[in-house]
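The values are calculated or read from the model by the stated rules, or taken from the named source; none is laboratory data. Small disclaimer: the values here were computed from a predicted structure and weren't measured. Positions of Cβ are generated from backbone atoms using ideal geometry, with glycine treated the same way; all protein chains shown enter the neighbour counts. The protein model used for the area step is the full one, side chains on, heavy atoms only, and it has no ligands, DNA or RNA in it. Shrake-Rupley method; radii C 1.70, N 1.55, O 1.52, S 1.80 Å.
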Amino acid sequence: MLKSVWLYACTVAHIKNPGDYFVFELADNSIIIVRGRDNEVRAFWNSCRHRGAKICLEQRGRAPRLMCPYHQWTYGLDGQLLAARSMAEDFDKADHGLSPVALENVGGLIFICLNDNPPPIDRVKADIVDQIAMYDLEKLKVVVQDNYVEDANWKLVMENNRECYHCDVGHPELISVLGTTGFGKDAPADDYLEGKRAEWQSLGIDRDLIEFPDGWWHRVARLALANGAVTQSIDGKLACQKLIGPFTQPETSSLSVWTQPNSWHHFCCDHVVTFSLTPIGPDKTMLRTSWLVHEDAVEGVDYDPDNLAALWRKTNQQDGHFSAINHRGIANDGYVQGPYALEEKLVDDFKAFYVSRAKAALAQVQS
Ligand code: 3BY
Ligand code: FES
Ligand code: FE
């Protein structure tokens with residue numbers, strides 16, 4: 001199923017300069033996402049066109065060319081084969097460039113699809129670009145990246161992310177900044193939020209809530225932060241003094257983007273935090289969290305990386321625990337599925353998305 005849908009991989013800031021590459025792995029599959037000299041971002045299978053060896057062995061790096069470590073076939077950043085020693089006369093380098101993988105740049109969020117016939121993404125792209133373009137991800141840099149391996153099946157980790165029913169008790173630190181968020185309820189708007197909307201309109205950042213249209217694909221919402229917080233940090237105070245996007249003043253709201261089936265993102269006035277989820281195996285999942293700040297922000301002056309990452313690092317650990325006990329609990333022969341709470345509506349949406357795409361993928365295999 002995951003091979004037939006668009007998956008969030010990284011941001012343009014992860015591959016900020018020509019030659020920067022980011023390796024995205026999904027179980028046995030490995031994809032190189034690389035920025036070319038022409039600034040274009042491309043994706044290729046991380047498998048040499050000679051005898052198939054893996055080319056990029058580091059998760060991230062920078063290289064002027066991509067050289068296979070086995071027999072040194074060498075590729076340009078655009079995937080063209082540039083050099084291969086001692087090949088027969090009729091060997092044509094043009095026929096042996098790296099195999100491309102479908103890629104879409106959605107306002108700076110990079111999505112890839114492992115299928116040669118990816119599903120449409122235009123609507124998702126238009127909706128998300130409209131909301132996040134103002135944060136100008138090309139002007140940000142990644143200053144912290146956590147790779148956290150969870151002891152749970154990836155679907156359980158996703159289900160955990162699609163509800164805040166566990167938040168009041170499970171995430172006291174997050175809730176003191178996010179409030180109860182109305183996440184997953186049908187009508188999140190209240191007087192306070194409506195009041196905030198007028199303010200957002202005057203800033204030109206007000207947009208309607210977008211909720212999984214066209215096949216439950218994505219959800220975008222601007223949320224009012226709680227208790228005077230101006231960002232998603234432990235104390236609610238700016239975690240980076242250099243503001244991003246259109247902001248010249250601290251802003252008491254943040255924008256959240258959730259996409260099916262593997263990502264969520266929070267855009268604050270001083271930083272952006274993005275999450276991607278990929279299965280490593282049936283009971284192991286990689287949660288990759290990245291924190292981005294303004295490219296001109298200076299470590300130790302404008303921000304402290306540990307302080308910047310503290311809130312979501314803590315929240316991730318709490319969620320990691322919940323996902324792990326969920327995984328272990330449903331492994332019982334005596335496990336019986338119970339009903340969802342009202343706040344768990346988006347878990348149902350995730351499940352519907354998964355089931356429909358899994359059925360479609362199965363039908364494709366069978367035909
Ligand atoms: O904020 C998130 O990404 C999700 C939804 C609400 C709580 N949870 C951690
Ligand atoms: Fe890459 Fe031989 S497998 S050069
Ligand atoms: Fe949680």
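Summing +1 for each Lys or Arg and -1 for each Asp or Glu, what net charge is found among the other residues whose Cβ lies under 13 Å from the Cβ of residue 323? Before the final figure, lay out each step's value.
Numbers: positive: 155, 162, 284, 328; negative: 150, 151, 159, 163, 283, 319.
Its environment carries a net charge of -2.
Could you check how much of the accessible area of segment 62-117 is carbon and sulfur, as a whole percent, using a 1.4 Å probe?
Working: 1340 of 3040 Å².
Carbon with sulfur: 44 percent of the solvent-accessible area.
For a label point 7 Å from the Cα of residue 342 along Cα→C-beta, name the residues of segment 144-178 whose backbone N is under 14 Å from it.
Counting only backbone N, you get 165.
Based on the mean of other beta carbon atoms within 10 Å per residue, what is the order of 8-18, 63-73, most packed first? If you can, show how the numbers build up before the last one.
Values: 8-18: 21.2, 63-73: 15.7.
Ranking the peptides 8-18, 63-73 by packing returns 8-18, 63-73.
Based on Cβ point charges of +1 for Lys and Arg and -1 for Asp and Glu, what charge dipole magnitude is obtained for segment 276-367 about its Cα centre, in debye rounded to the nearest 20? Before the final figure, lay out each step's value.
Working: 9 positive and 13 negative charges, 135 e Å.
The dipole of segment 276-367 has a size of about 640 debye.
Roughly how many Å is it from the Cα centre of segment 345-367 to that of segment 198-230, as a whole number?
So the two Cα centres are separated by 27 Å.
Would you mind working out the accessible area per residue for segment 1-91, using a 1.4 Å probe, and quoting it in Å²?
Numbers: 4320 Å² over 91 residues.
Result: 48 Å² of accessible area for each residue.
Please arrange 207, 35, 85 by accessible surface area, largest first, computed with a 1.4 Å probe and ligands excluded. Spell out each step's value before the answer.
On the way: 207 70, 35 5, 85 150 Å².
Largest accessible area first, the residues go 85, 207, 35.
Can you give the Rg/Rh ratio of segment 40-102, where Rg is from the C-alpha atoms and Rh is the Kirkwood radius?
Working: Rg = 11.4 Å, Rh = 12.1 Å.
Value, to two decimals: 0.94.
Just name one of 233, 252, 318: the one whose Cα is farthest towards the positive end of the charge dipole of segment 208-349 (beta-carbon charges, Lys/Arg +1, Asp/Glu -1).
318
For residue 280, tell me the accessible area in Å² from a 1.4 Å probe, rounded to the nearest 10.
90 Å²
Ignoring everything but the protein chains, give the 1.4 Å probe accessible area of residue 248 in square angstrom, nearest 10.
120 Å²
For each cysteine in the chain, check whether another cysteine's C-beta sits under 4.7 Å from its C-beta; list those where none does.
10, 56, 113, 240, 268, 269
I want to make sure I understand the PRE zone here: with the label point 7 angstrom from the Cα of residue 284 toward its beta carbon, which residues in segment 23-46 have backbone N atoms less than 11 Å away?
From segment 23-46, the list is 27.
For segment 208-367, count all C-alpha to C-alpha pairs, find those more than 19 Å apart, and express that count as a whole percent of the total. Intermediate results must be reported in sequence, preceding the final value.
On the way: 8339 of 12720 pairs.
Value for segment 208-367: 66 percent of Cα pairs lie more than 19 Å apart.
Taking N as the number of residues in the chain, what is its alpha-carbon radius of gyration divided by 2.2 N^0.38 Å?
Values: Rg = 21.4 Å, N = 367, 2.2 N^0.38 = 20.7 Å.
Rg over 2.2 N^0.38 Å, computed on Cα atoms: 1.03.
What's the magnitude of the charge dipole for the chain around its Cα centre, counting Lys and Arg as +1 and Asp and Glu as -1 at the beta-carbon? Answer in Debye, nearest 20. Don't skip to the answer; put the middle values down first.
On the way: 36 positive and 50 negative charges, 204 e Å.
My answer is approximately 980 debye.
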